[in-house]
Amino acid sequence: DYTGVDIMPEFIEKARATHADARFELRDFLEQKFEAQSFDWVVCSQVLNLRIPGVDSKALVANFLSEMFRLARKGVS
């Protein structure tokens, strides 16, 4: 089973059109939490290099990694 998450509606729409057998959710996973250990593996791609004016990038990365490890039963990438 695969669950994809993104905050961009157009990315979710394209993913759903391309991979009908997977689940995709429009959500900010830092704000709209999943239950702990919801997934075997949590993979994050092209997010941790994001720079947002006025946002502490190191704190954002730390929050992402913390949440990823909270969600993963086996590991993160």
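Considering only S38, A59, A15, and ranking their Cα positions along the charge dipole of the chain that arises from unit charges at the beta-carbon of Lys, Arg, Asp and Glu, the one farthest toward the positive end is A59.
Averaged over its residues, the chain has an accessible area of 77 Å² per residue, based on protein heavy atoms and a 1.4 Å probe. Each residue, L48 and E31, gets one label point 7 Å from its Cα in the Cβ direction; the gap between the two is 2.3 nm. Protein heavy-atom surface of the chain, 1.4 angstrom probe: 53% of the accessible area is carbon and sulfur, with nucleic acids and ligands not counted. Placing +1 on the Cβ of every Lys and Arg and -1 on the Cβ of every Asp and Glu, with no other charges, gives the chain a dipole of roughly 220 debye about its Cα centre. When you restrict to C-alpha pairs under 8 Å that are six or more residues apart and normalise by the size of the chain, the relative contact order lands at 32 percent.
The values are calculated or read from the model by the stated rules, or taken from the named source; none is laboratory data. Everything numeric in this text was worked out from a predicted model, so none of it was measured. Note: ideal-geometry Cβ built from the backbone for every residue, glycine included; neighbour counts use all protein chains shown. Surface accessibility is based on the protein's heavy atoms, side chains included, excluding ligands, DNA and RNA. Shrake-Rupley method; radii C 1.70, N 1.55, O 1.52, S 1.80 Å.
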